[in-house]
Amino acid sequence: MKKFKDLSCVLLVDDDIPTNYIHRKIVQNTNIEVDIKTITSAREALDYLTFSGKYENDVDMFRPGIIFLDINMPGMSGWDFMEEYRKIDEVHKLKTVVVMLTTSLNPDDELMASANHEIMNYLHKPLNEDAFVKIAGKYFEEINN
């Protein structure tokens with residue numbers, strides 16, 4: 001198993017449970033040692049990141065190194081999430097890479113993502129092993145055992 005410094009957890013934020021399941025399996029198949037947390041709403045993901053709501057007492061849980069964020073979700077979209085994410089104290093998002101992972105073919109979405117300095121990548125679903133390994137290698141230092 002490969003390990004990367006500051007990459008102990010991956011957060012999958014997508015309202016589609018089967019998509020989260022598939023993406024979990026893809027991350028597991030890369031043989032990169034990470035905890036994988038799946039959340040089906042942007043609001044809950046914000047709670048997870050800020051230790052609020054049902055995560056209020058989970059201050060010892062792994063912090064995500066990578067967040068894979070869907071754009072089109074009911075209630076709070078990926079864009080709404082990013083608006084709120086921007087307001088989060090830097091201590092809660094230190095060394096976190098946000099990747100928009102979407103089925104959207106709207107070129108405006110890609111333009112908006114590239115204009116947002118907190119979104120590091122914009123990928124089309126489904127996530128694949130190669131893309132995950134490249135992102136891990138680009139933003140995190142591999143630890144040699």
Quiz prompt | For region 1-102, size of Cβ-based charge dipole, Lys and Arg +1, Asp and Glu -1, in debye | solution = 460
Exercise. For region 57-142, please report how many Lys pairs fall under 19 Å Cα to Cα, leaving out neighbours fewer than 8 apart on the same chain.
Key: 5
Quiz item: Tell me, what ³J(HN,Hα) does each residue in region 109-114 have, in order and in whole Hz, if you take phi through Karplus 6.51 cos²θ - 1.76 cosθ + 1.60 with θ = phi - 60° and put x for Gly and Pro?
Solution: 5, 5, 5, 5, 5, 5
Quiz item: What size of dipole, in debye to the nearest 20, comes out for region 48-132 about its Cα centre when the only charges are +1 on Lys and Arg C-beta atoms and -1 on Asp and Glu C-beta atoms?
Solution: 120
Practice problem: Enumerate the amide H contacts of residue 38 below 5 Å, restricted to partners 5 or more residues apart or on another chain; note that Pro and chain-start residues carry no placed amide H. | Solution: 12
Exercise. With a 1.4 Å probe and all protein chains in place, put 96, 38 in order of accessible area, largest first.
Key: 38, 96
Quiz item: Residue-wise, which Karplus ³J(HN,Hα) couplings in Hz belong to region 89-102, taking 6.51 cos²θ - 1.76 cosθ + 1.60, θ = phi - 60°, and x for glycine or proline?
Solution: 3, 3, 4, 7, 10, 4, 6, 10, 9, 9, 10, 6, 10, 9
Quiz item: Any idea of the accessible area per residue across the chain, 1.4 Å probe, to the nearest Å²?
Solution: 54
Self-check item: HN-Hα J in Hz across region 19-27 - Karplus 6.51, -1.76, 1.60, θ = phi - 60°, x for Gly and Pro
Solution: 4, 4, 4, 4, 5, 4, 4, 4, 4
Practice problem: Hey, can you grab everything whose amide H is under 5 Å from the amide H of residue 123? Only 5+ residues off in sequence or another chain; H modelled, so Pro and N-termini drop out. | Solution: 100, 101, 102
Self-check item: Cβ-based charge dipole, the chain, positive-most Cα from 115, 51, 137
Solution: 137
Practice problem: Round to a whole angstrom and tell me the spacing of the C-alpha centers of region 27-57 and region 83-145. | Solution: 15
Exercise. Take peptides 43-50, 18-25 and line them up by average Cβ neighbours within 10 Å, highest first, as a rough protection proxy.
Key: 43-50, 18-25
Quiz item: What percent antiparallel are the DSSP beta bridges of the chain, to the nearest 5?
Solution: 15
Quiz item: In whole angstrom, how long is each semi-axis of the equivalent ellipsoid of the chain, when you take the square root of 5 times every eigenvalue of its Cα gyration tensor and sort them from largest down?
Solution: 21, 19, 15
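The values are calculated or read from the model by the stated rules, or taken from the named source; none is laboratory data. Everything quoted here is computed from the prediction, not taken from an experiment. Glycine gets a Cβ as well: all are built from the backbone with ideal geometry, and neighbour counts include every protein chain shown. Calculation scope for accessible area: heavy atoms of the full protein, side chains included, ligands and nucleic acids excluded. Shrake-Rupley method; radii C 1.70, N 1.55, O 1.52, S 1.80 Å.
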